[in-house]
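Shown next, in structure tokens, is the structure this report addresses.
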Amino acid sequence: YFEVFVWPTTAWFISAMLIFYAGLYPAIRLDNRAVYLWSLAALGGCYAYAYVTQVDLMRYSIEGDTRFKWIFYFGLMLVGGFLAARDSVFGGRHARNPWIAIGLLCAYYGFAYLLSKGHFTAYQFVMHLITVPLVISIFGLSKSDWLKRNVGRSRIATGAVFLVAGVTLEIYLLQFYVYSHPAITSLPFPANILAFCVVLVLLAWVVATGASRVRTLLPRPPSPIDTKRNDGP
């Protein structure tokens, strides 16, 4: 019960996030550029030291069953907090060109392919190095006028985006059970990918809709404002 409800160590990223949020909260509260930059510099130093002394460079291991990746992902969460606090810098005319994101995405998967073949494992840190500008470019693209012009005006596109965005938690909860099901794994590529996406989003929508219906049947807890009114001055 402790491992499931208090400290879910069976899922490494949940265990990591419990610690990450404790570190991210003061950074967000302070909202100080220097705090972010010095924190990222310290993490960069820890990353470099651990990479040289702890990482198995004979194989692709930076995403393995070690806590080394915690350093990188905490740094990436800090970058996300920094961007969220200053998102206007990446909007409008300052938005990134979509081809930058596409190029970085191709570089990411291209290098991942080389690593999967056992090449350049001594330089596997490049995967993380590419991830940072890739995340920043996607963030800038998501707030760009280009996206508004080409996607935001389409009801189908915006409907699809809002659908997936509204059931992300349900998608996370169901994805393993869907992609590991024999009905999906027995299909040839790329039919298995298409079936996986369609079935997953559909089931996620069903679960989210059912949860919403159940929520409406439950008594609504009093808000702090209502409680204060009832208590009087």
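The values are calculated or read from the model by the stated rules, or taken from the named source; none is laboratory data. Only a predicted model underlies this, so the values are computations on that prediction, with no experimental measurement involved. Don't worry about glycine lacking a Cβ; one is built from the backbone with ideal geometry, like all the others, and counts go over all protein chains shown. All accessible areas refer to the heavy atoms of the entire protein, side chains included, with ligands and DNA or RNA removed. Shrake-Rupley method; radii C 1.70, N 1.55, O 1.52, S 1.80 Å.
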Fill in the blank from the handout: In whole Hz, the Karplus estimates of ³J(HN,Hα) for the range 108-124 (6.51, -1.76, 1.60; θ = phi - 60°; x where Gly or Pro) are 4, 6, x, 5, 4, 5, 5, 5, 5, 8, x, 9, 6, 5, 5, 10, 5
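Set the Förster radius R0 to 30 Å, insert the Cβ-Cβ distance between Leu217 and Ala160 as r into 1/(1 + (r/R0)^6), and round the FRET efficiency to 0.05. Kindly include the intermediate steps, with their values, before the conclusion.
Working: r = 29 Å, r/R0 = 0.98.
Using R0 = 30 Å, I get an efficiency of 0.55.
Let me have the 222 nm mean residue ellipticity of the chain computed from DSSP H runs of 4+ only, each contributing -39500 (n - 2.57), with the sum over all residues rounded to the nearest 500.
Details: 10 runs with 158 residues, N = 233.
Calculated from helices alone, the mean residue ellipticity at 222 nm is -22500 deg cm²/dmol.
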Practice task
Count charges around Tyr47 for me, please; just the other residues with Cβ under 15 Å from its Cβ, Lys/Arg as +1, Asp/Glu as -1.
Solution key: +1
Practice task
Report, to two decimal places, the Cα Rg of the range 161-225 normalised by 2.2 N^0.38 Å (N = number of residues).
Solution key: 1.46
Exercise for the section: Over the range 1-141, consider all pairs of different Cα atoms and compute the Kirkwood hydrodynamic radius from their mean reciprocal separation; express it in Å, one decimal. Expected result: 16.8 Å
Completion exercise
Dimensionless Rg/Rh of the range 59-201, both radii on Cα and Rh by Kirkwood, sits at 1.00
Exercise for the section: Would you kindly derive the ³J(HN,Hα) couplings of the range 199-210 from the backbone phi angles with the Karplus curve 6.51 cos²θ - 1.76 cosθ + 1.60 (θ = phi - 60°), listing them in order in whole Hz, with x for Gly and Pro? Expected result: 5, 5, 5, 5, 5, 4, 5, 4, 5, 5, 5, x
Problem - Heavy-atom accessible area per residue - the chain, 1.4 Å, Å² - result: 71 Å²
